[in-house]
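Novice: This is the structure I have questions about; it appears just below.
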Ligand SMILES: *Cc1c(COP(=O)(O)O)cnc(C)c1O
């Protein structure tokens, strides 16, 4: 399997070559040159596989330059009961007949990002060792992504993580989750500024090509192809558990921000998995809902990006959408370049009056919905009352849209993207009770913490990194 850029300007490369990079060299996103096709007989033979066995079957079709025995060891190392609490890794529960919840949040940081990150931790270390290289990951986080990256990379050889967060602005739980890590290769930098300031510093460092090369600066952001591949696995797993008869359609609802999670669902569907509808659920930051309802993609400015009670979906542009649009326009790289030129110059594009719009919904199965803070509170209360489950506000976005989008006789799976314990304040607001927490995290806030406070100044961050690496 070879990898190409959505914008057509990158020579084909192998999985290990593109794994450690961010954007393709021409500014596009990296995509597989074709999708492996899974026929009905193969799908049937996968029914009895364990999670790591299924993950190996799927990931090995994409990571074709990693020897099978090595990949098997890496996958087995990532998907353990120790890391995810159960051998199932992603258990599925039925809320009521035909309505399922896929639990993706039982990893170390209680959000679905662990599923991809835990694999990346294994594969990064392997690829770096094989090449005799090292990487220094610099990122900015307001909570979820940073902690998932730190827990995946802790103690990994050849990898250092420098994670910038806004000083004094994370919840006590999130802060404790990150700052309590004692591994020497994990550096928590609390910047005296906002999340946007942290992101600006990361951007400034990445724009300094000489510094970037000298200190081997890298990233693991949501456009990383390895993350998308790892996420394909649980769509297959859920389908095999839910479908009573192979070939019948199953619909999925996915709480979305950067379009990473649901992009994996799109790829699973392109691989031949009988997914019916793929439903995008957004919060008040509804760039994606607008796109799938009208064909109009309009990125928002930071002043139009609302801080909501499902904060991990507060995005102004959906980085991974480019991968779907590439398929939608029949992989026409010239057309894609033109559309993203429009994004850069006019802030968006409109497919509403083109034949592509009908194909989005018809051939590709997409639809969407959105929720407000009031909807999330109501959904959290309803879920408790109807099914006696407590869901986090992001999953509540999904359930709200799932209930609106259900089709008669078609099973519907909502992806749970975080545990309620991570978003305590909203649960208390909705239910008046504190959500339960996994037992091993009971004392989290009392553990010793390590972090360095730095001024909002890219040069001071650069100095810190340089000193730490010397
Ligand atoms: C990251 C995240 C999302 C959004 O996922 P995308 O892949 O960006 O669409 C939703 N919920 C939670 C809890 C998250 O951490």
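The values are calculated or read from the model by the stated rules, or taken from the named source; none is laboratory data. Please read all numbers here as calculations on a predicted model, not as lab measurements. All Cβ positions, glycine included, derive from the backbone under ideal geometry; neighbour counts span all protein chains shown.
Novice: Mind counting the residues in segment 251-268 that are more than 7 Å from the ligand (Cβ to nearest atom) and in a helix (DSSP H, G or I)?
Specialist: 6
Novice: Follow-up question, since we're still on this one. Quick one: what pairs do we get from segment 243-264, first residue under 18 Å from residue 93 (Cα atoms), second outside any helix (DSSP H, G or I) and within 16 Å of the ligand (Cβ to nearest atom), C-beta under 6 Å, 6+ apart or different chains?
Specialist: 252/278; 252/413; 253/279; 253/281; 253/414; 254/415; 255/281; 255/417
Novice: Tell me, please, whether a residue that is touching a strand residue (DSSP E or B) at 6+ places or on another chain (Cβ under 7 Å) and either part of a helix (DSSP H, G or I) or surrounded by fewer than 17 Cβ atoms within 10 Å (Cβ to Cβ) (or both) can be found in segment 325-332.
Specialist: Within segment 325-332 (the criterion being touching a strand residue (DSSP E or B) at 6+ places or on another chain (Cβ under 7 Å) and either part of a helix (DSSP H, G or I) or surrounded by fewer than 17 Cβ atoms within 10 Å (Cβ to Cβ) (or both)), the answer is yes, since at least one residue qualifies.
Novice: Does residue 56 fit the bill of being within 27 Å of residue 414 (Cα to Cα) and in contact with a helix residue (DSSP H, G or I) (Cβ under 7 Å, 6 or more places away or on another chain)?
Specialist: Here the answer is yes, as residue 56 does meet what is asked.
Novice: Can you tell me which condition residue 107 does not meet? The list is (1) surrounded by 24 or more Cβ atoms within 10 Å (Cβ to Cβ); (2) under 28 Å from residue 405 (Cβ atoms); (3) in contact (Cβ under 8 Å) with a residue 60 or more places away in the chain, and all the others hold.
Specialist: Of the numbered conditions (1) surrounded by 24 or more Cβ atoms within 10 Å (Cβ to Cβ); (2) under 28 Å from residue 405 (Cβ atoms); (3) in contact (Cβ under 8 Å) with a residue 60 or more places away in the chain, the odd one out for residue 107 is (3).
Novice: Touching a residue at least 60 places away in the same chain (Cβ under 8 Å) and within 16 Å of the chain's Cα centre (by Cα), is that true of residue 176? Let's see the steps before the verdict.
Specialist: Numbers: touching a residue at least 60 places away in the same chain (Cβ under 8 Å): yes; within 16 Å of the chain's Cα centre (by Cα): no.
In short, no.
Novice: Is it the case that segment 112-132 has a residue that's more than 16 Å from the ligand (Cβ to nearest atom) and assigned to a loop (DSSP other than H, G, I, E, B)?
Specialist: Within segment 112-132, the subset more than 16 Å from the ligand (Cβ to nearest atom) is 121-132.
When the remaining residues are screened for being assigned to a loop (DSSP other than H, G, I, E, B), the result is 132.
Within segment 112-132, one or more residues are more than 16 Å from the ligand (Cβ to nearest atom) and assigned to a loop (DSSP other than H, G, I, E, B).
Novice: Continuing with the same structure: Hey, among 246, 278, which residue is more than 11 Å from the ligand (Cβ to nearest atom), buried (at least 20 other Cβ atoms within 10 Å of the Cβ) and not in a helix (DSSP H, G or I)?
Specialist: On the way: 246 fails: buried (at least 20 other Cβ atoms within 10 Å of the Cβ).
Testing whether each residue is more than 11 Å from the ligand (Cβ to nearest atom), buried (at least 20 other Cβ atoms within 10 Å of the Cβ) and not in a helix (DSSP H, G or I) leaves just 278.
Novice: Return yes or no: is residue 228 surrounded by 23 or more Cβ atoms within 10 Å (Cβ to Cβ) and under 30 Å from residue 55 (Cα atoms)? Spell out the reasoning first.
Specialist: Numbers: surrounded by 23 or more Cβ atoms within 10 Å (Cβ to Cβ): yes; under 30 Å from residue 55 (Cα atoms): yes.
So residue 228 passes the test.
Novice: On to the next question. Please count how many residues of segment 314-338 are within 30 Å of residue 372 (Cβ to Cβ) and out of contact with any helix residue (DSSP H, G or I) (no Cβ under 6 Å at 6 or more places or on another chain). Can you show your working first?
Specialist: Taking segment 314-338 and keeping what is within 30 Å of residue 372 (Cβ to Cβ), we get 314-325, 328.
Next, from what is left, pick out any that are out of contact with any helix residue (DSSP H, G or I) (no Cβ under 6 Å at 6 or more places or on another chain): 314-317, 319, 321-322, 325.
Qualifying residue count for the region: 8.
Novice: Which one of these is more than 16 Å from the ligand (Cβ to nearest atom), at pLDDT below 95 and closer than 28 Å to residue 9 by Cα: 344, 304? Spell out how you get there, then give the answer.
Specialist: Numbers: 304 fails: closer than 28 Å to residue 9 by Cα.
Exactly one residue qualifies, and that residue is 344.
Novice: Can you tell which of 273, 336 is part of a loop (DSSP other than H, G, I, E, B), surrounded by 19 or more Cβ atoms within 10 Å (Cβ to Cβ) and away from the ligand (no atom under 14 Å from the Cβ)?
Specialist: Details: 336 fails: part of a loop (DSSP other than H, G, I, E, B).
Exactly one residue qualifies, and that residue is 273.
Novice: Would you check which residues across segment 164-183 are touching a strand residue (DSSP E or B) at 6+ places or on another chain (Cβ under 6 Å) and assigned to a helix (DSSP H, G or I) and list them?
Specialist: Once the filter is applied, which keeps residues that are touching a strand residue (DSSP E or B) at 6+ places or on another chain (Cβ under 6 Å) and assigned to a helix (DSSP H, G or I), segment 164-183 yields 178, 179.
Novice: Can you name the helices (runs of 4 or more DSSP H) wholly within segment 367-470 that have at least 1 residues being away from the ligand (no atom under 16 Å from the Cβ) and under 23 Å from residue 101 (Cα atoms)?
Specialist: Values: elements: 373-387, 393-405, 424-431, 458-469.
It comes to 373-387, 393-405, 424-431.
Novice: Please work out which one of (1) surrounded by fewer than 19 Cβ atoms within 10 Å (Cβ to Cβ); (2) under 22 Å from the mean Cα position of the chain (by Cα); (3) closer than 30 Å to residue 324 by Cα is the condition residue 163 fails and give its number.
Specialist: Failed condition: (1).
Novice: Can I ask one more? Residue check, residue 86 against (1) in contact (Cβ under 8 Å) with a residue 24 or more places away in the chain; (2) part of a loop (DSSP other than H, G, I, E, B); (3) more than 16 Å from the ligand (Cβ to nearest atom); (4) within 23 Å of the chain's Cα centre (by Cα), all met but one. Which one?
Specialist: (1)
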